[in-house]
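Below: one structure, written as C-alpha cells.
Just so it is clear, none of the values below were taken in a lab; they were calculated from the coordinates. Please read these numbers as outputs of a predicted model, since none were measured by experiment. We place every Cβ from the backbone using ideal geometry, glycine too, and count neighbours over all the protein chains shown.
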Amino acid sequence: MFKKILIANRGEIAVRIIRACKELGATTVAVYSDADRKSLHVALADEAYHIGGSAPAESYLVIDKIIDVAKKSGAEAIHPGFGFLSENEKFAKRCEKEKIVFIGPSAEAIRLMGDKITARNIAQEAKVPLVPGSDGAVSDVEAPLVADKIGYPVMIKASAGGGGKGMRLVRNKEDFESSLRMAKSEARSSFGDDSVFVERFVEEPRHVEIQIIADTHGNTLYLFERECSIQRRHQKVIEEAPSPGISAKTRKKMGEVAVRISKAVNYSGAGTVEFIMDQKENFYFLEMNTRVQVEHPVTEMITGFDIVKWMVRIANGEKLPFKQKDLSINGWAVECRVYAEDPETNFMPSPGLLHYVKAPTGPGIRDDSSIYSGYEVTSFYDPMLSKLVVWAESREAAIDKMASALKEYIVLGVKTNIGFLIRVMNNDVFREGKLDTGFIEKHPELLTAGEVDIEPAIIAAALAVGNAEESTGSDKGPQSNWKLLGRKAGLSGGTLI
Amino acid sequence: MTYTFKIKDKVFSVEIEQEKDQTVVKINEEGRPVEFEKIDDYIYSIIVDGKSLTIGVLKNGNNIQVFMDGDLFEIEAISERDQMKSSQVLSGVQEIKSPMPSRVVKILKEIGDEVDADEGIVVVEAMKMESELKSPIEGKVTDVLVNEGDAVEAGNTLLIVSSD
C-alpha cells in the first residue's frame, strides 16, 4: 500500500477519502485554500499544506501547486476526488510524468470520455445504445425522413445550439416542416449557422447510471444502478439504489453495456456510465464520468463494497477478489444532498456561519459531511453541506428512515433544503417511484412549508427574545414577567413551576 | 410581556403568562400551556399539548430565525413604534442589495424602467449558480449602481427602486 497519499480536494469528499486512506494505513496529506483553513479535511488529515487563494483557480485547480505539495510531502499517490482536477487529462498526464500515481483511470481514458463526440463514437462502436437520431447535421430533404424512421415525438436541435435556442419539439408529422423552418431560422439568427440535427424526444426521462469498477488485471464489474432523477438546476438532489423502475433483465443489460464501454477505453478504477431512460425502460448512453461520483455511498450501502478504498487499492495494482456473479443487491439505500440554499427562491445559495449543527444518528444512517457548529459556508465553493444516506431492507423502509432522519437534522444559520427533502420523502408520487427529471418542477408545492402549525416556532421565538432580555437586563421595568419567570426557572433547574 | 411577531405578512401577538402552576403562551389571545427547557445557546425543547419539539432559534437584532422540522421560519420582532411604521414598509425607496458575495451577471432594467412587485431586476452569480433578485415593490428604477461583471459583497446596493 502507498505510505502517503495526497487528497487534492476539499469538503465532504476530501473527508471521505482521508478516512478511507487512513483505514488503509496510509498517511494523508490535505491541501487547502485561504477560505478552508478551518475546514474539516484540514483537521482530519495527518498533514496539511496551504496552496493559495480562495477562488479555485488560485488553489485547487492549479496543477503546479498540487504537484509541488506532493513532492514536498513525499506523497506517492494523489486522489483527486470529484470536480476540480478529477477529470483533467493534463493533470493525470502530469502525475504520470512526475511518477506520482493518479488514483483514477489513465489520462487517455479521461481524454476519450471527456470529449462528447469522441465518447459518442466509442459508444457507437461498442454497440452502446444512443438516443436514436440523425448522425450529425441533416439536409431539409433528409430531416423528415429521419423523423419518420426514428418515430415521433422528435426534437430538432441546432448543431451550434445551446440554451434552448433553435430547438423544437415536434409531436406530429404534420408539424414537422414548419417546426424545421422555425428551428433553422432561430439557429441562423442566434448562432449564424442554421444546420440542425434530429433526435428522438425522450418523454418523462429518468436519469439512471451504472457504477463500474475495473482493476488493471482485466476485471471490469458493474455495481448495479443508481436512480438520480430528482434534480434541480440539472443537478441531482436525491439518489437511490437500486432504481425503483427497472427489471432485473434491464439491470443486467445496462450493466453489461456499461462494462463494454469501460473496456473499450481500457478503463481502470471507479467510473460511472450515465444513461437517460424513458418510462418503458429504453435506455440511451449520455456520458461516462471518469471519477468517483458524489452519490457513490448508495451503491456502497447496497453492495457492502467500499468504492473509495478500492480505487486506492486498484491504483496500487491490486486485483479485485470477486467476479460479477459474486455481487448482489442487498436492501435499499437513499441519499439526500443537504444544501445551503433556499428552495423558495429557486434554490438560491445561502452562505453564512453555521451557529449550530446536529446531524442525525442511528442504525442504517450515514452522514457524509464536512460541517460543524461554528463552520462558515463561503460563496467560493458548492453549497452542499452534507450527504445524508440511509439503508433499510426495502425502498419504503428506507424512505421512512430518511424522512425520520431528516427531521432530526438541525442546521442553524443558513437556509437549507431540509424541509423540502422531508416533503419529497412524504410525497405519494415519489413514494410510488414514479420518477422523472421534471419531478421538482411538477411539484412546486414541495418548495415551501405550506400549512404547518407554526405556533411552536412563535413560542420558541418569544422564549428566545425573553431570554435575551433577561440576560442583557435591557428590560428594566418592574413589570417584566419574563425576568421573574427566568429567575424562577433558574432556581428550579430550568422548569417553570 | 407582549411581543409582536411578523412571519411573512402575518402578524402575531404573543403573551407569556404564569397561570397557577404552568406557563401559558397566548398567541392572538388564544392560550396554550407550554413546558420548556433551554438545551443550549440555540436549542429549546418545547412541549405543547403533549407534543415534544426541538427547536433552534437564532436571534439577530429584531430578526429571529427559527428552525423547526427542517424548515427555517424568519420572524421579525416588531416594537410598538415599528408597528406604526410598518404600514409604509412596502413603498418609498427600496435598495436592492446583494444577499451574498457574488458577481453581477445581468442587469435586467435600466434607469427609468417601470417594474412590478416581484419582477426580476438583476441576476447575480455565486457558488456557480445564477439567482434573480426581484423588486419588492412596484415602481421605477431610479439608480443602477453596478455594471455587469462587477464583483459585489453581501449587502452592497445594486439598484434603487422608488415607488414615487
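Some notes on this structure:
- The trypsin sites (Lys or Arg not before Pro) of region A:84-191 meeting both criteria, a DSSP state outside H, G, I, E and B (loop) and at most 16 other C-beta atoms within 10 angstrom of the site's C-beta, are A:LYS99, A:LYS127, A:ARG171.
- Site pair A:ASP68 and B:ASN63 shows an inter-label distance of 3.9 nm when each label is modelled 7 Å from Cα along Cα→Cβ.
- Centroid-to-centroid separation of region A:62-95 and region A:390-456 [C-alpha atoms, Å]: 38 Å
- Hull volume per residue, based on the alpha-carbon atoms of region A:221-337 and their convex hull, is 110 Å³.
- As a calculated quantity, the FRET efficiency between A:MET182 and A:LYS22 at R0 = 56 Å, using C-beta atoms, amounts to about 0.40.
- Gyration tensor (alpha-carbon) shape descriptor, region A:313-453, a/c threshold 1.5: oblate
- With respect to chain A, whose longest principal axis is taken over its alpha-carbon atoms, helix A:395-408 is tilted by about 40°.
- Residues whose placed amide H lies under 5 Å from that of B:ARG32, excluding near-sequence neighbours: B:VAL25, B:LYS26, B:ILE27
- Inter-label distance for A:ALA43 and B:SER52, nm, one decimal - labels placed 7 Å from Cα along Cα-to-Cβ: 2.8 nm
- Rg in Å to one decimal, and Dmax rounded to a whole Å, for region A:4-103 via C-alpha atoms: 11.9, 33
- Simple spin-label estimate for B:ASP143 and A:HIS443 in nanometres, 7 Å along Cα-Cβ: 4.6 nm
- Net +/- balance of residues flanking B:LYS109 in space, Cβ distance below 12 Å, scoring K and R +1, D and E -1: -4
- Principal-axis analysis of the Cα atoms of chain A puts helix A:63-73 at an angle of about 60° to the longest axis.
- As a size descriptor, the averaged projected area of the C-alpha convex hull of region B:32-75 was calculated at 3.4 nm².
- The value for chain A of Rg(Cα) / (2.2 N^0.38 Å) is 1.11.
- Sites A:LYS99 and B:LYS128 - FRET efficiency at Förster radius 35 Å, r taken between beta-carbons, to 0.05: 0.55
- Just so you know, the Rg over Rh for region B:90-162 is 0.94, from Cα atoms, with Rh as the Kirkwood radius.
- Among the GluC sites (Glu not before Pro) in region B:93-123, those located in a DSSP loop and surrounded by at most 14 other Cβ atoms within 10 Å of their own Cβ are B:GLU110.
- Size estimate for region A:206-447 follows the Kirkwood approach: the inverse of mean 1/r over distinct Cα pairs works out to 18.5 Å.
- Given +1 at the Cβ of Lys and Arg, -1 at the Cβ of Asp and Glu and no other charges, the dipole of region B:90-162 around its Cα centre is 220 debye to the nearest 20.
- Annotation: region A:129-251 has a Kirkwood hydrodynamic radius of 16.8 angstrom, from the mean reciprocal C-alpha pair distance.
- Relative contact order (%) - chain A, alpha-carbon pairs under 8 angstrom, separation at least six: 12 percent
- Cβ-Cβ FRET estimate between B:GLU74 and A:SER247, R0 fixed at 56 Å, reported to 0.05: 0.75
- Among the listed pairs A:LYS4/A:LYS323; A:LYS236/B:LYS134; A:LYS157/B:LYS106; A:LYS116/B:LYS97; A:LYS236/B:LYS51, those beyond 32 Å (Cα-Cα): A:LYS116/B:LYS97; A:LYS236/B:LYS51
- Relative contact order (%) - criterion: Cα under 8 Å, at least six apart; region: region A:4-103: 30 percent
- Per residue of the protein assembly as shown, the DSSP helices (runs of n ≥ 4 H) give a summed -39500 (n - 2.57) that works out to -8000 deg cm²/dmol at 222 nm.
- Over region A:192-255: Rg over Rh, Cα atoms, Kirkwood Rh: 1.12
- Mean silhouette area of region A:364-422, derived from the convex hull of its C-alpha atoms and averaged over all directions, reads 4.4 nm².
- Note, ³J(HN,Hα) from phi for region A:280-290, Karplus 6.51, -1.76, 1.60, rounded to Hz, x at Gly and Pro: 10, 6, 7, 10, 9, 5, 9, 6, 10, 9, 9
- Nearest 10 degrees, 0 to 90: helix A:176-191 Cα axis against chain A principal axis: 70 degrees
- Within region B:115-164, the trypsin sites (Lys or Arg not before Pro) that combine a DSSP coil assignment with at most 16 other C-beta atoms in a 10 angstrom radius are B:LYS128.
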